[in-house]
Every structure is written in structure tokens, then in C-alpha cells.
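Below: one structure, written as C-alpha cells.
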């Protein structure tokens, strides 16, 4: 696009000229340029220059003279820069309105201007410059001025440069006047030229083209794009028609002229279409243009001119499309041309045009090369081409003849012109241009993710680079596109690219690359002739023979390390004596085709020191058989590495390897045939436990060349990328059908069998609260134990952890239910000795080091575990040790043991309260509770109560009880006094399984508080040691403390208390008095209804029913005389009472309501009572 | 004249590619076929653009390259057929007809119990049948 002249590339801008008052010119021209649409200004300082606009020739003479060309090169430029559409004459106001002499001057100036511009029909405007507002403007002089200038009143503009407010307005008026006049001028000019076309009596068709062009340009000047387009198209079509008609110039030059003009037309039309957003029309237009001229190749010797022209068409359109797509932001792809000739979306991509431009440019280059070679053979060397210059008409050339000052243009013959064109063509390096074009296309396609197309451009680009000798660029591009072809399996294309790459690395003298590319080529799946014979790159034709040739070449290269290569191809490449060429083949390398190693152990796990088989399978797709000198199989345990040597090449390998510490196997033959597995099976054993993994298989071919293949498992063997598509039978690396599916390149070496016994002894279920000892014993039976380590783990049997944050209770100090407290050393030894060896004790995990044990020795320790909750746990103990003191053989052996231990609650504590005998308070809350069932019980306030605490042995072992006491937390305030406190039992009581121990406390509550806070029952106990009980001193034994919180009791003031008073016993027939004492504790008078039921065994005297009033804080005593009628335990008459105020009924409990009746008066012996206040009552 | 036909598999790998040209520009034709896969991809991935061609196996003209026209066809199993022709004025009906016959030949070839799906088609019968179809291309409408 840049080669086009400026005036063609930009839309035309109207031109106006101003004359006179030069001091205002700058102001006016800047303003006009900033207008929309802008107007260019041609400023003439005075009238002397006005003759420039004078028409040189009579217009009629053109029609008669023969047409020399279609249009002149400078015509457009002339109209854009030299010939104005409007001429504005500026006069100072004092010249117009002042002195008559000045007025005369103005008149003569106007006359001279009019004569000049009349020939060209340039429009005239008059500007009167007023210096100040004081200047008088007389109407009649103004009228005279208009008459003299022959202009309308609106074309006379008054301009006052000193008045800023009016200046703006008058400048705008000036601009609108100018644009109106310019429009009129271009319209008239266009109409005038159009009339000539319509007359149709033109002497030649060229003139029609010329006139159409002019009309279109004039239309463009006034921004009438539709008309411009119409006439450009008409000019274009007319031009196309005259191709075969005109004979004005010699054939070659004629075509050149037409093409260059049509090129300009095409450019204009495409630009106009694209700028109006009609992308589809533009693309269709361009396709039409391309098709119209594609066949017009012209004379064979000048064919390169055609290709160059074609290339330029594509380039320019591509550039136009690219710039317009930036502006219009894409296009609607749905409308793809007409149905008969649909446009493909490709034609909307600038890259497509760049690609084709490059294509035509390469056509041009080859045609040009042909022409050059032809011209060189003819040996016509003359310098006539030097003086050829473009002539006045577009697309024409002429010879410049200088004879002194006289310059003349002579027409050229076709031969001369072609020679000129060839010499011009030689000056350019087309390949650089081609590369630039292809690069544009390549990048554009890549950015749109059209990878195959961009690869194709890249391929062409690489070829150009290669031809140019730019090897590094070529290699880079070829490398990037080879990966796509590899991925998609386009073998023929890959073959070609690899051929270039091979050649590039050959030129770069990178031997390793060369070998890699060559081997990959040789291993490509090309079996039959693909039909690609000619037009191949350096790779040569893709067929089996060529593959073999490539392989032979490369093996010659690597084997002949001395560099005595006979092939001129390879003369650049050498492998010097010491250098070792090693190719790495991993899972993604394209060289997997060359060599693939699959390794399978026959067993998944092996014992240390026991041998198993390992199969190494190699596969190559090289067309010729490869002789391997030596294979090295490498493992992660390097002492397992071994070599396999080819028996036939034993001599050469031994000489080079020297002393080997690894195992060496000898195979009768190591020849790798094409597409056939080479399977080798050897024994292998490892002394080291852990994973034995085969890392790689290194094949040594010749003395300097190795291929290192990453070992692959047959089970996960990826199929080879390209060969899977081939229709050839697939073989498996191992014959064993199971190993094919499951074979792995690694095996697990187990650790040696442990020869140490680990015993866990537990005496039975553990009791909650005690420190439970689990003895652990190690007995070595055949191994020494070095750096032994004992790991202890406590795990919940149900699988959960021994931790529950939810129900943490106050008596579990931490949240663990079972805790490993510590590990005590072996009995009889000093604990201190081992305390520093204990590495780590956590709540459910412990780690302890075991001292060195000789074979046959034993060692033991005790685990201290404490239960906080009854819970079964699983104890895991594992011992890890090494049987050897040598650090190198750090083979740890593990012994695992586990034991389930139950945890039981040892003692269950219970408690209950009792009131004093035959004394019942009326507890209002108790009555309420009966209905509401509140759990917290109530006790009467200010009364003596009895608390009985019982401890029951729930275990299966006898326990010893030391004491039961009630303790108060430090911070809590005791709200009662307790008698029979915290004395220890001097001789710990034996509690056999199931037995219950009771202790009675008497509790009297304080007056003040409403809550009875007793504290915690604290029980100290331990297991009964049985026979040893006597012998061990009690002081050393640790007592287990079990605590249980006593719930708080509510204290209620009873309003009434009923006490039944009767003798401790009665005698048959002997009357006694039965008092019922009702005591009112309140400040109120209490009305009490009571009744006494008859009893069978007694005769009574007194009221059965009555209502009494008990005064505040006093007692009312009911007394009855009873005579027992039957002996034995007898129920007293049942008393019941109702408090009217509280509407609460009350009945004493049954137990306090009976008395024993003796048949006759008994006689008692008084027994000695013990001092001990503790009463132990055995129930059952 | 048809200069090249190709069968392209799922991974855009060539299953069968045969050129019918004396000019020995087979490599270029391979390139053209390969590039045309971009267009097929685009048509398949952006069915909106192709509009009415939705659900049709015949993809029509893929892209115009100098001197060649490339047509595409996509079977229901996503196997692509590519046709490269030098005729600049080809009737759509002819191409459709060609692809229909070609498809039938392909189906017969892959129905061979000894053919492994996804592998290259090496059947000689298929090759012969294809060359017959290629030779008769355009004759039906002319006759």
C-alpha cells in the first residue's frame, strides 16, 4: 500500500486559494483545515502569482490530438495541490470604501483575477477585511464591488480580525462559503466531464476511462462516495474491455499500463467499499478483480511482471482488510456471498491474502530467475535500461534522452522495457519480501488458532529461510511445526520437515541433532511409496529405501568416529575420539520410535536375597537391523545394575570398559530387528528392602554412541504415536499374557523376617482411674537388635480416635479418654537410665528406644496407661530394628503386635438422703414436683438430714477401700455442716466383687441459703493384692481416687412439720400414748384438717377427724391412747392431714408408721457398744 | 479433475490419502488437505457460522486456494473426507454425489473384519474403487 502515491491513498480534500492580505492567511488556512470536511488552502501573497491557475491549452485541442495515455500521473496531485476550486480575494476595507484611487486598484485586481479563473471555472469569493468597527461600510460601494466581482451577496464576506467575538462567526461563514463554492465547482466540473462521456462521440475508449476517473475524483472531492464508487467501477469495467482492443502501445507495455490503472481503480473501489463497512462486497469485488486479471499473464518473457502485479494486489487488499477490520471490529460472517459462489470465511482473513501474495511473489521470483538466466545467455549487455523513467502517463515508461539541456522522452520497445523490468527486478530480494509476507500470515493464523494453516505458512517460511541460508530461523520454525505433524500423524509432511531439520543441523554442525532427526526419519512409518517423488526437500522421496539410506548414513557417522566419512553430506559432522554421543529417549520423545525399552519384573514382591526374573524388551522401528554392542540396565539400587554384552562384540566392549564392578551377562546376539521385540530375561536379586525400580536401559552401539531409553512398564506402555495408525500387527513386549497386562518396571523388595519376639501381657481388663501397667517384653531369637525403636499406639477399637471434644467432663483432666502416661523401664533397672532415651510420649502415641540386645537377650518395659472412661482400646506396639550394626546395611525390620484391652469402671457410687425418724416436714415444693417431675430434689431447711453414700464394686477383682469422704472444691462455699467427716479407715476394707460399702453422713443445712451444696464424694481405693496384701507395706501402694460430684439440693422451709411420737416398742394389751406433734414454722395461723384411720391391731381413743388451728411458731399436739391388740410388727393408725392454707395433703411414710408389739414385757441385756462411728452393714 | 482425496481420522490423522496427478506435487496436496482440516474444525466448532449446513455431512467448499478447490465431508463417526479438485467450476451436486459414493466405499472398507478401526486403510480394493469413483467424477452430470 505504501508504494502508492499519497494523493491516491488518502481521500481528496477540496482546495481553496486566498489572495491578498498575507497577514491573515495563516489564520484563515488553519481555520479551514479544522473544518469538517477540511479544506486545504493555497495562499498566494499577492496577485502576481495568480497566473499559475491559468489554463495552458485550449480544451478543444485535447479532443483532436491522439490519446497518449489513459490519464496523467500528476493529474490528481495537480487537483489536490495546485488548482483551487475557490479563489478568495482579500481586500482591506479602506481600499474598498476609502480613496477612489484604491477603489480603482481593487476593480482592476478583480478584473485580472476574473480573466485568469474564467478558463478553469474557478469560483470567486470576495473578503473585505475590516480593521476596526469604526470603518464605515457604504452600501452603494458594496453593491459596486459585488457587481464588479460578479458574485452573489452571500459570497462577499466581511472579516474583522480585531474583533474576536465576530471573527469566529465570520470565519465560520467564510468556511461555509468556501465549501459551498468548492462543492459547486467540483459538481460543475464533474457534470462537464460527464457530459463529454454522455456525448459518446469520443475518439477513443481511453478517454471514457479518463473521464470516468475524473468524475469519480470530483465526486470524491465533494464526498459523494456513492457516485465516486459508481464511476470508478465504470472506469474499471471500461478499462477491462479495452484490454484486447487498444493497440496504442506495444503489447507488453500496453498490459502494464492497463494493469497499473486497474490496480489504482481496484484500490479506490476496495477502499471505498471497506470504509463504508461493506466488507462482503469488498471481498466479492476483489475476487472478481483477481479473476478478471488472473489469466492476463501477458508475454512469456514478461510473465514475472504479471506475478508481481498479482502479488501486490493480494498484499494491498490484505492490508486494506486488516486496517478496516481494526476499525469496523469484525464482520457478520453469516452473509457469505451469494449462494452460487459462496465466499468462505477464509476470504475475510487478511492472512489469506498475505499467504497468496507470498505465493505469487514466489511465482514471480522463479519467473524472474528464468528471465534473468535467459537474458544472461543472450549476453546483451547495454545500459539502455538505466535511462528508463516513468513517463507522464500512469503505467507508462519512456527513455529519457538528454542532449545538453534538451530533455526528451522517447517511447520504448517491448524488449527494452522487459530488460528494464528485469534489471529493476534484480534489485529486490524477493525472498525477504516473501518471508515477511509469510510471517504476517503465519502470525495472523497463529493468533486465530488456525494452526494447520499457520504451519503451512511456517513451512514455506522455513523453506525460504533455508534457501536464504538463515539456518537458525529455519530450524526454529521447522521445529515448531514438526510437533504438530507429529501429533496428528502426518507422516509425509513430517518426513519433509525433518529432512529440512536434518539438513539444518548438518549445516550447523550439531551432530546430536543431526543424529536425532535422522533416526526419527528412519523410524517413521513410511512403508509404501506415498507418491511424493518430485518437489521434495532435502529429505528425498518418502519411501522405505530412503529410510534405509538415512539410517545407514547415520550409523556410518556414529560408528566412524575417526571422521573418515566418505559422504560429502556428512563431512561437516564429526564425532571426536573422546566424545560420547548419548541420546535420551523418554516417554514423550519422538525418538521412542527409534528405541523403546520395556522392563518387567516377573514378581511384584520379592524377598531380599532371593532372585527373581526381570525381562528387558527392546523395540525399534528402524528399517534395518541394529546391532547393539552392550546393554546397561540401571536400577534405583545401583548395585543391581548389570550389563548385557553381545557375544559377537565381546572383544570391543571389554577393551573399552575396563574393570567393571557390576554383573555382566553375555547374550549370544543383540540384534534389534525392525518392529520386532528383542526380549532378554535375567535373574536379579536385591538385598535391600524397598522399591526396586528399573530406571533406564542404555544401549551402546559402536564405541561412541549410546541410546538411553527410559524404562517403561508393559502394563502402562503407551502405544507408539505414529505406528499405531499403521495397519501392521501389534506385538507385545512379553510373551507371558499376564505380565503384558500387569508387568511393572518396579518391584517391592520386602524386609527380612523378624527374629525377635514381642510379647504384650495384660492382667485383665483395666479399671478406670488406675494406672494400668502393660508389660512389653522383647526376646531376641536369632537377630541382634541395633537401634531398636518401639512405637506404641493407642487406637479406639471402633476406629475413632481416643478423643472427643464434645463430652469432656471435669474429672477428665484432658480430653483423652485413654491416655498413655509413660513407659517405665525394665524392672530392677534404674528408671533414670532410660528416661533420657524415651523419645516421645504423647497422649495416644509413644516412641521409645530399645537398647542394644544381643541374640538371645530379652528386654522389657511397662506401659502406663490410664483410662478416664470405660472404653475398650486397641494397643499397637511395633518394634523396628536393624539386625546389623553396619550403617550401610540400614535395613530395618519390623515386628508388630496388638492387644485389645477393656476398660471397666471399678466402683459405682450412689447416695440418698433420709429425714430423721418419724419426723416429716410438709414440703410444698415436693408436692409440686410430683406433678412437674423436676429432677432436683428438695430438702427441708434447718433440719438435720442423713446422707448415705454407697460404693459398689463392679469389677471381678476384690478391691481395697481406704476412705470415703466428702470434699469441697476450694472455690465453692459450703452451705452445710457434715458430721462423720473424712476419717480414713484404718484397715482398708476389702470389697469383694458385687459388694457394697455404705457410709452415713449427717447433714445439717444452714439457715441462710436456699441451696445445699455438698461437694464431691471422694473415694480412695486400690486393687486387692491378694496373698501379697500382708507383705507389702501400705504406704508404698498408690491409691486410686475416684470422685463423684454430689448434686446440689434445694432447701425449702417447711411450713408444717409433723412428728410422730410413740414408744420404741409396745406390749400387748398395755396402753401407750401416741403423740402427733404438728409444728407451725410460719408466722401465720395454720388451719389443719386431720384424720386418723382406725387400725386393726389397736384400739384408740381420741378424735378421728378434726380441724385445728395452729398458732404461728408454735406446736399443736394431738395425743391418743392406743392399746395394742396383736403382737408383732404392727401398723399404727394411719394419720393424714391437710393444710387448708396451702391446700396440701400430707401423709407420713409407711416405714415410720409401725411399731413392734411384744407379747409380754421383754428383758434386755445391755451389750457393749463400739466406739467406732462407722457402721458397716453388709447387705447380703 | 480430482487431484487428491483423503480420509482423515478422529485425531486429524490421515487414514488414507491418494493423489491423482501427474504433476508430482503430492506433497503440496498433502499440505492442502492438512490445512483444510482447520476449516473443518472451524465449521464443526462454530456451527452457527455455517448456518443451514447444520446436521449435514457435506461441508461444501472448504476454502479456495490458488488453482485448487477443497471440499469436505464429515461422517457421523467424525471421519473427514477431503477432496481437492483443479476444476474451478464444479457443481455442488457432483461433489455431493462423489462423496456419497466415496462414503459407501469407505464404509465397505472399514466393515472388513480384518480392518482395525482407527488404522490406516490399506485395502487394495478400496484404492481401486476410489480411483474408479475419481475417474467417473463429473461424468454423470455431463452425460
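Taken together, the values in this text are just the output of simple stated rules run on the coordinates, not laboratory data. Source: prediction; values computed, not measured. For neighbour counting, all protein chains shown are included, and Cβ atoms are generated from backbone atoms with ideal geometry for every residue, glycine included.
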Checklist outcome for this item: Between the alpha carbon centres of the stretch A:464-478 and the stretch A:227-298 the gap in Å comes to 37
Checklist entry - For residue A:1152 and residue A:1011 in the same chain, what is the full-extension length gain: residue separation times 0.36 nm, less their Cα-Cα distance, in nm? => result 48.1 nm
Item to check | Efficiency of FRET between residue A:1004 and residue A:821 - r from beta-carbon atoms, R0 51 angstrom, step 0.05 | outcome: 0.75
Item to check | Shielding by other protein chains, B:7-14, mean Cβ within 10 Å | outcome: 4
Next on the checklist: Just want the ordering: A:1121, A:700, from fewest to most Cβ atoms lying within 10 Å of their own Cβ.
Outcome noted: A:1121, A:700
Next on the checklist: Quick check: pseudo-label points 7 Å beyond the Cα along Cα→Cβ at residue A:673 and residue A:1134, how many nm apart are they?
Outcome noted: 11.5
Item to check | Averaged over A:486-498, number of beta-carbon atoms from partner chains that fall within 10 Å | outcome: 4
Item to check | FRET efficiency estimate (nearest 0.05) - Cβ-Cβ, residue A:223 to residue A:169, R0 30 angstrom | outcome: 0.75
Checklist entry - Just how far, in whole angstrom, is the stretch A:393-446 from the stretch A:1037-1078 if you go by their alpha carbon centroids? => result 134
Checklist outcome for this item: Protection proxy (average C-beta count within 10 Å per residue), highest first, orders A:583-595, A:301-313, A:989-1001 as A:301-313, A:583-595, A:989-1001
Checklist entry - How far apart, in nm, are the 7 Å Cα→Cβ label points at residue A:512 and residue A:118? => result 9.1
Checklist outcome for this item: Mean per-residue count of partner chain Cβ within 10 Å for A:450-457 equals 5
Checklist outcome for this item: Here the relative contact order (percent) of the stretch A:1054-1158, from C-alpha pairs under 8 Å and at least 6 apart, is 32
Checklist entry - Of A:720, A:631, A:52, how do they rank once you tally other Cβ atoms within 10 Å and put the fewest first? => result A:52, A:720, A:631
Item to check | chain B shape via C-alpha gyration tensor axes, a/c threshold 1.5 | outcome: rounded
Item to check | Å³ per residue enclosed by the Cα convex hull of the stretch A:1056-1158 | outcome: 82
Next on the checklist: Need one number: nm distance between label points at residue A:74 and residue A:1073, each 7 Å from Cα along Cα→Cβ, rounded to one decimal.
Outcome noted: 16.2
Next on the checklist: What's the ranking of A:358-364, A:1157-1163 by average number of surrounding C-beta atoms within 10 Å, highest first?
Outcome noted: A:358-364, A:1157-1163
Item to check | Mean Cβ count within 10 Å, highest first, over the residues of peptides B:109-117, A:906-914 | outcome: A:906-914, B:109-117
Checklist entry - Applying 1/(1 + (r/R0)^6) with R0 = 30 Å to the Cβ-Cβ distance of residue A:1109 and residue A:1145, what FRET efficiency is obtained, to the nearest 0.05? => result 0.95
